[in-house]
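Quick note: the coordinates plus some simple rules give every number you see, no bench work behind them. Bear in mind that the values here come from a model prediction, so they are computed numbers and not experimental data. Reconstructed Cβ throughout: ideal geometry from the backbone, glycine too, with neighbour counts over all protein chains shown.
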Amino acid sequence: MKILAIGDIYGTQGLACAEQRLRRLRDAEGADMVIVNAENVSPANGTDVRGAQALFDAGADVLTGGNHSLRHQSFFSYMEDQPYVLRPLNFPDAAPGKGYCIFHARGGLRVLVLNAQGQIFLDSSIDNPFSATERLLARLEGKYDFAVCDFHAEATSEKAAFAACFDGRLSALWGTHTHVQTADERVLPRGCGFISDLGMSGVENSIIGTRAEQVIKYYRTHVRSRYEAAEGDTVLCGALFEIDEQSRKCLRVKRIRY
């Protein structure tokens, strides 16, 4: 089974890129399932209904989130009603939305998709992602065939530690959030496919999606202004995980930059 994971869709340009290329990429790679991080698809960060629906229409099966997932209250009811829209599972229990889903893929395979958020350099007040994931896997034991995870985190060390901890229990784990694609894709010793960060889907010549001059001004003056999305040529970044349906182990990971 092939699972295509796409990194943070950033703003209007990133959404347009996905609308134009995602289904073409899915078909070209023969992906059975597509998981897209949508936490920045709204022009004002976060996720909105229009952006989420556009990604589903473009070929996504599951949408994951991150630290901006709860930015727009108008999106909360959509999150509650749509079974395949996720936010980090280690958010407070009272937060709207959910942190996992079970997707029924080709051949009846039950794919558990988790979304967790790291604590290092992010929000340390949320639940520990290791503990939250341990509890969820224990609670759902026997109810899925294999599990994959979008780990939305800043530190590569936290991502690597998370992957090592769940190697053998997750078939694939990828990092999101930094918007910078890493070149460390590999299969871990017990069969988990891993990459530290999928990268960003948005304007290539930018500072993680925003206009370079605004970011430079902040670093030179320390005066913060509202960042605006950059314009220009776009790139769609992610990774393709090929998972053996019998052993539930990842066979190979292919980095995608389209």
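Would you mind stating whether Tyr78 is more than 21 Å from Leu236 (Cβ to Cβ) and not acidic (Asp, Glu)?
When the stated conditions are applied, Tyr78 passes them.
Would you tally the residues in the range 181-212 being within 26 Å of Leu251 (Cβ to Cβ) and either among the small types (Gly, Ala, Ser) or assigned to a loop (DSSP other than H, G, I, E, B) (or both)?
Taking the range 181-212 as the starting set, the residues that turn out to be within 26 Å of Leu251 (Cβ to Cβ) are 181-199, 201.
Then keep just the ones that are either among the small types (Gly, Ala, Ser) or assigned to a loop (DSSP other than H, G, I, E, B) (or both); that gives 181-185, 188-193, 196-199, 201.
Residues in the range 181-212 being within 26 Å of Leu251 (Cβ to Cβ) and either among the small types (Gly, Ala, Ser) or assigned to a loop (DSSP other than H, G, I, E, B) (or both): 16 in total.
Here is a check on your reading of the model: is Phe162 aromatic (Phe, Trp, Tyr), closer than 24 Å to Arg252 by Cα, surrounded by 14 or more Cβ atoms within 10 Å (Cβ to Cβ) and in contact with a helix residue (DSSP H, G or I) (Cβ under 6 Å, 6 or more places away or on another chain)?
Details: aromatic (Phe, Trp, Tyr): yes; closer than 24 Å to Arg252 by Cα: yes; surrounded by 14 or more Cβ atoms within 10 Å (Cβ to Cβ): yes; in contact with a helix residue (DSSP H, G or I) (Cβ under 6 Å, 6 or more places away or on another chain): no.
For Phe162, the condition - aromatic (Phe, Trp, Tyr), closer than 24 Å to Arg252 by Cα, surrounded by 14 or more Cβ atoms within 10 Å (Cβ to Cβ) and in contact with a helix residue (DSSP H, G or I) (Cβ under 6 Å, 6 or more places away or on another chain) - is not met.
Looking at the range 61-88, which of the residues that are in a helix (DSSP H, G or I) and either in contact with a strand residue (DSSP E or B) (Cβ under 8 Å, 6 or more places away or on another chain) or of a type in the set (Gly, Ala, Ser) (or both) is surrounded by the most Cβ atoms within 10 Å (Cβ to Cβ)?
Met79
Does the range 221-255 hold any residues that are within 30 Å of Arg169 (Cα to Cα), surrounded by 13 or more Cβ atoms within 10 Å (Cβ to Cβ) and of a type in the set (Gly, Ala, Ser), and which are they?
Within the range 221-255, Gly238, Ala239 qualify.
Can Ser69 be described as under 18 Å from His177 (Cα atoms), in contact with a His (Cβ under 8 Å, 6 or more places away or on another chain), free of Cβ contacts under 8 Å to residues at least 60 places away in the same chain and not aliphatic (A, V, I, L, M)?
Values: under 18 Å from His177 (Cα atoms): yes; in contact with a His (Cβ under 8 Å, 6 or more places away or on another chain): no; free of Cβ contacts under 8 Å to residues at least 60 places away in the same chain: yes; not aliphatic (A, V, I, L, M): yes.
Against the criterion (under 18 Å from His177 (Cα atoms), in contact with a His (Cβ under 8 Å, 6 or more places away or on another chain), free of Cβ contacts under 8 Å to residues at least 60 places away in the same chain and not aliphatic (A, V, I, L, M)), Ser69 does not qualify.
Please count how many residues of the range 46-60 are in a helix (DSSP H, G or I) and in contact (Cβ under 8 Å) with a residue 40 or more places away in the chain.
Here is the first cut: in the range 46-60, the ones in a helix (DSSP H, G or I) are 49-58.
Those still in the list that are in contact (Cβ under 8 Å) with a residue 40 or more places away in the chain too: 51, 55, 58.
The number of residues fulfilling the criteria is 3.
I need a count of the residues in the range 1-32 that are of a type in the set (Lys, Arg) and more than 18 Å from the chain's Cα centre (by Cα).
Of all residues in the range 1-32, those of a type in the set (Lys, Arg) come to 2, 21, 23-24, 26.
When the remaining residues are screened for being more than 18 Å from the chain's Cα centre (by Cα), the result is 24.
Number satisfying all stated conditions: 1.
Tally up the residues in the range 167-183 that are surrounded by 16 or more Cβ atoms within 10 Å (Cβ to Cβ), under 17 Å from the mean Cα position of the chain (by Cα) and free of Cβ contacts under 8 Å to residues at least 60 places away in the same chain, please.
Of all residues in the range 167-183, those surrounded by 16 or more Cβ atoms within 10 Å (Cβ to Cβ) come to 167, 169-179, 181-182.
Applying the additional criterion that residues be under 17 Å from the mean Cα position of the chain (by Cα) yields 170-179, 181-182.
Within this subset, residues satisfying the condition of being free of Cβ contacts under 8 Å to residues at least 60 places away in the same chain are 170, 173, 175, 178, 182.
Final tally of qualifying residues: 5.
Looking only at the range 1-45, count every residue that is part of a loop (DSSP other than H, G, I, E, B) and of a type outside the set (D, E, K, R) and tell me the total.
Narrowing the range 1-45 to residues part of a loop (DSSP other than H, G, I, E, B): 1, 7, 10, 30-32, 38-45.
From what's left, of a type outside the set (D, E, K, R): 1, 7, 10, 30-31, 38, 40-45.
Number satisfying all stated conditions: 12.
Any idea which of Glu134, Glu141 is touching a Phe, Trp or Tyr at 6+ places or on another chain (Cβ under 9 Å) and without any contact (Cβ under 8 Å) to a residue 12 or more places away in the chain?
On inspection, the qualifying residue turns out to be Glu134.
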